[in-house]
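A.B. asks: Just dropping this structure here.
The values are calculated or read from the model by the stated rules, or taken from the named source; none is laboratory data. Predicted model only: the values in this text are computed from it and were never measured. Here the Cβ positions follow ideal geometry from the backbone for every residue, glycine too, while neighbour counts run over all protein chains shown.
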Amino acid sequence: MSIDRNDIEQVIGQDVHGADGEKIGSVGQVYLDDQTGRPDWVTVKTGLFGTRSTFVPLEQAQRTEDGLRVPYTKDQVKDAPNIEDEGHLEPAEEERLFAHYGLAGGAAGTPAAGRAGEGTLDEDVVGHDTSGPTTGDAMTRSEEQLHVGTERRETGRARLRKYVV
């Protein structure tokens, strides 16, 4: 079975096996396409104690009883371009990954865009940012602030009478 948005929580932490059945590592993060919301990439923790993360496309990946099976060898995954898994893939980084894995672009011919605003392959795309007319390379950061305090309010009245005997 292929990977969809409902599988994300079940896939994270699962073992990743290559085309030959050899264990490559385990899933660290899942990157989604901004336009479709479909999972496009996973980071695979490899190396001693899972200290290195490598991007692997989910285009032909399958969920199995053992975890996740990808159509690549362990060596091919380990030799992938070294890209930081910081929640954002730049278009140039994505192009390097596509070239490494022999893919012609995003899954199903669409540019992949990721979980936290991963770039698209089309430089002329106008984004949802308000910082300018062509914001394909822009990112809006926002923050919320919560102020906590106490306030006195009258919630009711009681009438007391004192009788001294």
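A.B. asks: I'm told Lys23 meets every condition in (1) surrounded by 15 or more Cβ atoms within 10 Å (Cβ to Cβ); (2) at pLDDT 90 or above except one. Can you identify the failing condition by its number?
C.D. replies: The single condition Lys23 does not satisfy is (1).
A.B. asks: Out of (1) out of contact with any Lys or Arg (no Cβ under 8 Å at 6 or more places or on another chain); (2) farther than 18 Å from Glu86 by Cβ; (3) at pLDDT 80 or above; (4) of a type outside the set (Val, Ile, Thr), what's the single condition that is false for Leu48?
C.D. replies: (3)
A.B. asks: From the set of residues in the range 29-60 that are assigned to a loop (DSSP other than H, G, I, E, B) and under 16 Å from His17 (Cα atoms), which is farthest from the chain's Cα centre (by Cα)?
C.D. replies: Gly47
A.B. asks: Same structure, new question: Being over 12 Å from the mean Cα position of the chain (by Cα), at pLDDT 80 or above and not acidic (Asp, Glu) narrows it down to one of Leu121, Leu103, so name that one.
C.D. replies: Leu103
A.B. asks: Being among the aliphatic types (A, V, I, L, M) and more than 15 Å from Leu97 (Cα to Cα) is the requirement here; does Val42 meet it?
C.D. replies: It is false that Val42 is among the aliphatic types (A, V, I, L, M) and more than 15 Å from Leu97 (Cα to Cα).
A.B. asks: Charged (D, E, K, R) and crowded, with 16+ Cβ neighbours inside 10 Å: does that describe Arg5?
C.D. replies: Considered against the rule, which asks whether it is charged (D, E, K, R) and crowded, with 16+ Cβ neighbours inside 10 Å, Arg5 comes out as no.
A.B. asks: I'm checking my understanding of the structure. Among residues of the range 40-83 that are free of Cβ contacts under 8 Å to residues at least 24 places away in the same chain and acidic (Asp, Glu), which one is nearest to Ile12 (Cα to Cα)?
C.D. replies: Glu65
A.B. asks: For the range 55-69, what are the residues that are touching a strand residue (DSSP E or B) at 6+ places or on another chain (Cβ under 9 Å) and either on the phi < 0 side of the Ramachandran plot or loosely packed, with under 13 Cβ neighbours inside 10 Å (or both)?
C.D. replies: Scanning the range 55-69 gives Phe55, Val56, Pro57, Leu58, Glu59, Ala61, Gln62, Arg63, Thr64, Asp66, Leu68, Arg69.
A.B. asks: Still on this structure: Which members of the range 70-79 meet the condition of being surrounded by 18 or more Cβ atoms within 10 Å (Cβ to Cβ) and not hydroxyl-bearing (Ser, Thr, Tyr)?
C.D. replies: Val70, Lys74, Gln76, Val77
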